[in-house]
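Participant: Starting off with a structure, shown below.
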Amino acid sequence: MTTRRDFIRNSAGAMAGIAFVGCELLAARGAQAQPAGRRREVVVSGRRVKTVDVHAHCAVPEAMALMGLKVEPQTLIMGQDRIRAMDEQGIDVEALSINPYWYKAERDLARTLIKVQNEKLAELCASQPERFVAFATVALQHPDLAAEQLEEGVKKLGLRGGSIGANVAGEELSDPRFHPFWAKAEQLGCLIFIHPQGGTAGLEQRLRGSGGLANVIGNPLDTTIALSHLIFEGTLDRFPGLKICAAHGGGYLPSYAARSDAGCVTFPDRCPKPLKKRPTEYLRQLYYDSIVFTPEALRHLAAEVGSGQIVMGTDYPFPWMKTAVDHILNTPGLSDAERAAILGETASRLLRIKS
């Protein structure tokens, strides 16, 4: 196994070995960085704040080739354009993640693919340690293997947590067969970033047509379902020490959270598994990115889950949230301490990023 020292020594050219992709592994032609300029420094109440983007995508071409996939266009190959874009937006550190495309791969292929992928991520972070950290990828369709890969990624490669899909080829994350992975994540105390899988199984027909509904509606719905199952199936009770961050503000769940409490009161026979607390109380132990688009939406998310549970996200290179810093700075009702926490302090603590 290559050591972290080897990664640092051999990191030259690592930036050229990673290509950027966004949700659904699509090219983002409109997400090109602007010409080099002065790095924006974010200041809150007269104090410089280190900003951390927890929701930034990338891909490893060598790993994708093992599945017969290619990253297009070549303009998405990693380089200084990414850093220039970060500087322009006021992003100091990106936590890189890769949306799973390997959940149907058999065990040996999945092992090889994840090894290549995680080692490339580690090389990249070693080459730019002040700008990038990364989430380990795991073959969650093989839960015991995924647990090994998470531990290796965190302990040996210096990756800062794990990234997974909101379902595993249609299987819910709350299924008992995934308990070995959750147990390992709890043991390691690392953050697990959950990203939707481009829609919700069983709704493909209804999400067709204009509007990109598989993404616009399907993605947040996928996350909503995943989190709800983790609550109601008792996964969060079984592993109370889990640190989970949900993409896109947790989907729709925080916007209509009280219905989760009312459901078991109205239809107690439909909630056969007793929970240790009300469903909405679990929302305050999860984390969420800030991609909710309007100041009112971010204010409401903070009211429902607590501002200390929100971290900044951009979804780069897709231009969903190109003004993530200003989105947080301009949301009314937040204190300066809360703004600083959302901009980077909370993520720095969770991802072990030095101030």
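Table: residues versus (1) in contact with a Phe, Trp or Tyr (Cβ under 8 Å, 6 or more places away or on another chain); (2) open to solvent by 10 Å² or more (accessible area, probe 1.4 Å); (3) farther than 18 Å from ALA105 by Cα.
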{"position": "CYS125", "(1), (2), (3)": "yes, yes, yes"}
{"position": "GLU130", "(1), (2), (3)": "no, yes, yes"}
{"position": "ALA139", "(1), (2), (3)": "yes, no, no"}
{"position": "HIS142", "(1), (2), (3)": "no, yes, no"}
{"position": "GLN149", "(1), (2), (3)": "no, yes, no"}
{"position": "LYS156", "(1), (2), (3)": "no, yes, yes"}
{"position": "LEU159", "(1), (2), (3)": "yes, no, yes"}
{"position": "SER163", "(1), (2), (3)": "yes, no, no"}
{"position": "VAL168", "(1), (2), (3)": "yes, no, no"}
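Participant: Something else about it: Tell me the residue from GLY308, GLY241, GLY313 that is modelled with pLDDT of 95 or more, outside any strand (DSSP E or B) and under 14 Å from the mean Cα position of the chain (by Cα), please.
Facilitator: GLY313
Participant: Mind listing whichever residues of the range 106-150 are over 24 Å from GLY344 (Cβ atoms), out of contact with any strand residue (DSSP E or B) (no Cβ under 9 Å at 6 or more places or on another chain) and assigned to a loop (DSSP other than H, G, I, E, B)?
Facilitator: Residues satisfying the conditions are GLU106, ALA139, HIS142.
Participant: Does any residue of the range 92-105 turn out to be open to solvent by 10 Å² or more (accessible area, probe 1.4 Å), in a loop (DSSP other than H, G, I, E, B), without any contact (Cβ under 8 Å) to a residue 40 or more places away in the chain and out of contact with any Leu (no Cβ under 8 Å at 6 or more places or on another chain)?
Facilitator: Within the range 92-105, none of the residues are open to solvent by 10 Å² or more (accessible area, probe 1.4 Å), in a loop (DSSP other than H, G, I, E, B), without any contact (Cβ under 8 Å) to a residue 40 or more places away in the chain and out of contact with any Leu (no Cβ under 8 Å at 6 or more places or on another chain).
Participant: Right, something else. Which of the residues spanning the range 309-338 are within 14 Å of VAL43 (Cα to Cα) and surrounded by fewer than 21 Cβ atoms within 10 Å (Cβ to Cβ)?
Facilitator: Matches in the range 309-338: ASP326, LEU329, ASN330, SER335, ASP336, ALA337, GLU338.
Participant: Something else about it: Residues being over 20 Å from ILE98 (Cβ atoms), surrounded by 15 or more Cβ atoms within 10 Å (Cβ to Cβ) and in contact with a strand residue (DSSP E or B) (Cβ under 8 Å, 6 or more places away or on another chain): count how many of those fall in the range 201-237.
Facilitator: Here the count works out to 5.
The values are calculated or read from the model by the stated rules, or taken from the named source; none is laboratory data. What you are looking at is a predicted structure, and each value in this text was computed from that prediction instead of being measured. Every residue, glycine among them, receives a Cβ derived from its backbone with ideal geometry; neighbour counts consider all protein chains shown. Note: areas computed on protein heavy atoms with side chains; ligands, DNA, RNA excluded. Shrake-Rupley method; radii C 1.70, N 1.55, O 1.52, S 1.80 Å.
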